[in-house]
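The values are calculated or read from the model by the stated rules, or taken from the named source; none is laboratory data. Keep in mind the model is a prediction, meaning the values are calculated, not measured. Every residue, glycine among them, receives a Cβ derived from its backbone with ideal geometry; neighbour counts consider all protein chains shown. Ligands, DNA and RNA are excluded from the accessible area calculation, which covers all protein heavy atoms including side chains. Shrake-Rupley method; radii C 1.70, N 1.55, O 1.52, S 1.80 Å.
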Amino acid sequence: QAFLDEDASHMTINMLTDLFYTVNFTISIVASAIGFTFCTIVLLVIITHRPCHNPANLLVCNTCLIVAIYLINTFIGSVYGFREDWAEKQPLCHLRAHFYLMCCGLICYAYFIEALSRLIFIVFHHYR
């Protein structure tokens, strides 16, 4: 990004350093790996233990699956960020953007369905 000074006689360049991007992408990769690990653990526990098979945990599995897809997308984008030409050449960039937007909408939808389910089962259970 280039900014003009007040006197407009010379231009000051304000660019972020490579260290900023390296730290940012590293934190993103670590956070994605940790989140994906937790999502996988939750999914495996709910799938393998019979007492956990109920509608509330099914909704949790839905949310974990969507979040896992989102974290995989974030991981792939962060790995591409370590390349020197990451801003110009990213294969399937449009597909990753589509998955990002889809996951954001589906996460909101999953939380809405969980909240609605809990409202019906906890608050309105006595109206049956």
So which helices of the chain fit the span-like rule, where a helix is a whole DSSP H run, its Cα atoms reach 20 Å or more along the axis, and its mean Kyte-Doolittle is at least 1.6? 18-48
Over the chain, with neighbouring protein chains present, the accessible area per residue in Å² at probe 1.4 Å is 76 Å²
What Kirkwood hydrodynamic radius do you get for the chain when you take the inverse of the mean 1/r over all pairs of distinct Cα atoms, in Å? 18.1 Å
Below 8 Å between Cα atoms, with a sequence gap of 6+, how large is the relative contact order for the chain in percent? 24 percent
Residue 65/residue 98 FRET efficiency (R0 22 Å; Cβ-Cβ; nearest 0.05): 0.80
If you project the alpha carbons of segment 65-128 onto the principal axes, what extent comes out on each, in Å, largest first? 61, 17, 13
Mind listing the lone cysteines of the chain, meaning no other Cys beta-carbon sits under 4.7 Å from theirs? 52, 61, 93, 103, 104, 108
Check each of the GluC sites (Glu not before Pro) in segment 22-128 and keep only those in coil by DSSP with at most 10 other C-beta atoms within 10 angstrom; list them in order. 84, 88
